[in-house]
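Undergrad: The structure is given below, and queries will be raised subsequently.
The values are calculated or read from the model by the stated rules, or taken from the named source; none is laboratory data. Predicted model, so just to flag it, every value in this text is computed and none were measured. Cβ sites come from the backbone with ideal geometry, for glycine too, and all protein chains shown count toward neighbours. Please note that ligands, DNA and RNA were not included when accessible areas were found on the heavy atoms of the full protein model with its side chains. Shrake-Rupley method; radii C 1.70, N 1.55, O 1.52, S 1.80 Å.
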Amino acid sequence: MLREGATIAGKCCRCGSCCSHMRDVHRVIEERGNNTFVVHNHYTGDAEEVRVDPDKIALFEDESSIEGLPNACPFLRFDAKAGKAWCTVHLTRPDLCREYCCRLLVLDAQGKLAGRVTYQTALIPDTDELGRLWEEVQPTLNGLSGTEWDDAFIEILTAAGYRVRR
């Protein structure tokens, strides 16, 4: 769990804090057997099928690690030995979870996810093309922050044929 006043780094530290409050968002509406479930997103109305990752079945079956977290995602589990939180459906997790810690999403000309900006100014490119563009343009964004950085970033990527979703 995050301590009061702690800052979040540019990548997931597997503390479980985000997912400890997701039960109001994701609810299991159907169990299909073989550790397969249909999850409903309360906010978007989307329903998605998820499966417990094969290597996390035993962890998923032991709900004791989230007993004190009534609002936790139904697929969150903690491994006390490792001191980490685990998404037991990580391989098939809902789209919202894939985008959760992202401030900005970068889409290519076809609307396919090309990268994401997490936290302040950390771009995680999902394509080599965006990675190369980022290496070129990153120095021009140095010294900018907040909405000034966002506006400049969006302008540069839009000019290069990308769409940026806030």
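Undergrad: Residue pairs, Cβ under 6 Å, 6 or more apart or interchain, first in segment 25-48 and open to solvent by 60 Å² or more (accessible area, probe 1.4 Å), second assigned to a loop (DSSP other than H, G, I, E, B). List them.
TA: The qualifying pairs are Val28/Pro74; His42/Val25.
Undergrad: Moving to a separate point now. Determine whether Gly83 is free of Cβ contacts under 8 Å to residues at least 60 places away in the same chain, closer than 28 Å to Cys19 by Cβ and exposed (fewer than 14 other Cβ atoms within 10 Å of the Cβ).
TA: yes
Undergrad: Pick from segment 139-157 the residues that are open to solvent by 30 Å² or more (accessible area, probe 1.4 Å) and within 23 Å of the chain's Cα centre (by Cα): which of them is nearest to Leu107 (Cα to Cα)?
TA: Ile154
Undergrad: Moving to a separate point now. Picking from Val38, Val50, which residue would you name as being touching a Phe, Trp or Tyr at 6+ places or on another chain (Cβ under 9 Å) and among the β-branched types (Val, Ile, Thr)?
TA: Val50
Undergrad: Given the residues Phe37, Phe60, which is the only one that is among the hydrophobic types (A, V, I, L, M, F, W, C), more than 30 Å from Gly146 (Cβ to Cβ) and assigned to a strand (DSSP E or B)?
TA: Values: Phe60 fails: assigned to a strand (DSSP E or B).
From the options Phe37, Phe60, the qualifying one is Phe37.
Undergrad: Can you tell me how many residues within segment 71-83 are within 16 Å of the chain's Cα centre (by Cα) and either of a type in the set (A, V, I, L, M) or modelled with pLDDT under 90 (or both)?
TA: Residues meeting the conditions: 2.
Undergrad: Any idea which of (1) touching a residue at least 60 places away in the same chain (Cβ under 8 Å); (2) open to solvent by less than 60 Å² (accessible area, probe 1.4 Å) is the one Arg103 doesn't satisfy?
TA: (2)
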